[in-house]
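Here is the structure we will look at.
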Amino acid sequence: GSPRSGTRWIQAMVAAHPETVSTVELTMFPYYLSPWIKRWTKEKNNIDNGGAVKGLPHLLSREDFDELCGDLLEKSYCRLLERNPKANVILEKTPENAFHVELINYFVPQSKFIHIIRDGRDVACSMRNAARKLGHQTESISLAARTWRDYVYAARRASRFQGRYIE
């Protein structure tokens, strides 16, 4: 869900299950894997178009690079599972994951998506209040509304993964 939509609340409820391990925001997809893959792809396209040979694409194939990314993800998830050896579910709450559902599906094809949608008007007001009280989000109602819309549309792309998406 979008920021200020109750993602932390639903995370707390699901994480209370004894076979679940959770972390607040691991940010693996939006801040680690996605930027790395974008960089690898940009450098590979540059090489393929006769540009300078630099970066990992001249050393690693895309398959090798994806394997490296998968290893990082697996190691991170294993560390998380060490916190609860009884867990067979990892719950990862990062609102920005909404923009990376295809990447999540690629690396974790058994993943499931829980999409919480709060009334956009309430979200916009909450964002404005968070900006005033906490110093983050936005005081602009129109920007908050656009943010909410962008997150909702992005997260709904996961609905194409039949049986693995719920609102």
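Sort out which residues of segment 126-143 are in contact (Cβ under 8 Å) with a residue 24 or more places away in the chain and either in a helix (DSSP H, G or I) or aromatic (Phe, Trp, Tyr) (or both), and write them in order of number. Spell out how you get there, then give the answer.
We begin by selecting, within segment 126-143, every residue in contact (Cβ under 8 Å) with a residue 24 or more places away in the chain; these are 126-127, 130, 137.
The answer is Ser126, Met127, Ala130.
Could you list, in sequence order, all residues of segment 156-167 that are farther than 19 Å from Pro30 by Cβ, open to solvent by less than 70 Å² (accessible area, probe 1.4 Å) and not in a helix (DSSP H, G or I)?
Initially, segment 156-167 is screened for residues farther than 19 Å from Pro30 by Cβ, giving 159-160, 162-164, 166-167.
Now drop any that are not open to solvent by less than 70 Å² (accessible area, probe 1.4 Å), which leaves 159, 164.
Answer for segment 156-167, where residues must be farther than 19 Å from Pro30 by Cβ, open to solvent by less than 70 Å² (accessible area, probe 1.4 Å) and not in a helix (DSSP H, G or I): just Arg164.
Here Gln110 meets the list (1) exposed (fewer than 13 other Cβ atoms within 10 Å of the Cβ); (2) in contact (Cβ under 8 Å) with a residue 60 or more places away in the chain almost entirely, failing just condition (2).
Just to be sure before I move on: is Ser61 of a type in the set (S, T, N, Q) and surrounded by fewer than 15 Cβ atoms within 10 Å (Cβ to Cβ) in the structure I sent?
Working: of a type in the set (S, T, N, Q): yes; surrounded by fewer than 15 Cβ atoms within 10 Å (Cβ to Cβ): yes.
Yes; evaluated as a whole, the condition is true for this residue.
Is one or more of the residues making up segment 145-155 of a type in the set (Lys, Arg), buried (at least 18 other Cβ atoms within 10 Å of the Cβ) and not in a loop (DSSP other than H, G, I, E, B)? Write out each step before concluding.
As a first pass, look at segment 145-155 and keep what is of a type in the set (Lys, Arg): 146, 149.
Imposing the further condition that a residue be buried (at least 18 other Cβ atoms within 10 Å of the Cβ) reduces the set to none.
The answer is no, given that none of the residues of segment 145-155 is of a type in the set (Lys, Arg), buried (at least 18 other Cβ atoms within 10 Å of the Cβ) and not in a loop (DSSP other than H, G, I, E, B).
Comparison of Leu81, Leu26 shows that the only residue that is surrounded by fewer than 16 Cβ atoms within 10 Å (Cβ to Cβ), touching a residue at least 40 places away in the same chain (Cβ under 8 Å) and of a type in the set (A, V, I, L, M, F, W, C) is Leu81.
Considering (1) within 12 Å of the chain's Cα centre (by Cα); (2) crowded, with 18+ Cβ neighbours inside 10 Å; (3) of a type in the set (Asp, Glu), the lone condition that Glu96 does not fulfil carries the number (2). Beta carbons closer than 8 Å, at least 6 apart along the sequence or on distinct chains, pair a first residue in segment 146-164 that is on the phi < 0 side of the Ramachandran plot with a second that is among the β-branched types (Val, Ile, Thr) and not in a helix (DSSP H, G or I) for Thr147/Thr138; Val152/Ile117. For Gln162, the conditions (1) of a type outside the set (Phe, Trp, Tyr); (2) closer than 20 Å to Thr23 by Cα; (3) modelled with pLDDT under 95 all hold with the exception of (2).
Looking at segment 61-70, can you tell me whether even one residue there is at pLDDT 95 or above and not in a helix (DSSP H, G or I)? Show your work before the answer.
Of all residues in segment 61-70, those at pLDDT 95 or above come to 61-70.
In the following step, the residues that additionally are not in a helix (DSSP H, G or I) were identified as 61.
Yes.
Quick check, is Arg8 open to solvent by 50 Å² or more (accessible area, probe 1.4 Å), of a type in the set (D, E, K, R) and not in a helix (DSSP H, G or I)? No.
Filtering segment 85-118 to residues that are over 19 Å from Arg160 (Cβ atoms) and in a loop (DSSP other than H, G, I, E, B) leaves Pro85, Lys86, Ala87, Asn88, Lys93, Thr94, Arg118. Just one of the numbered conditions (1) open to solvent by 80 Å² or more (accessible area, probe 1.4 Å); (2) assigned to a loop (DSSP other than H, G, I, E, B) is not true of Arg39: (2).
The values are calculated or read from the model by the stated rules, or taken from the named source; none is laboratory data. Here the structure is a predicted model, which is why all the values come from computation and not from measurement. Note that we place each Cβ from the backbone using ideal geometry, even for glycine, and neighbour counts take in every protein chain shown. Accessible surface areas use protein heavy atoms only, side chains included; no ligands, DNA or RNA. Shrake-Rupley method; radii C 1.70, N 1.55, O 1.52, S 1.80 Å.
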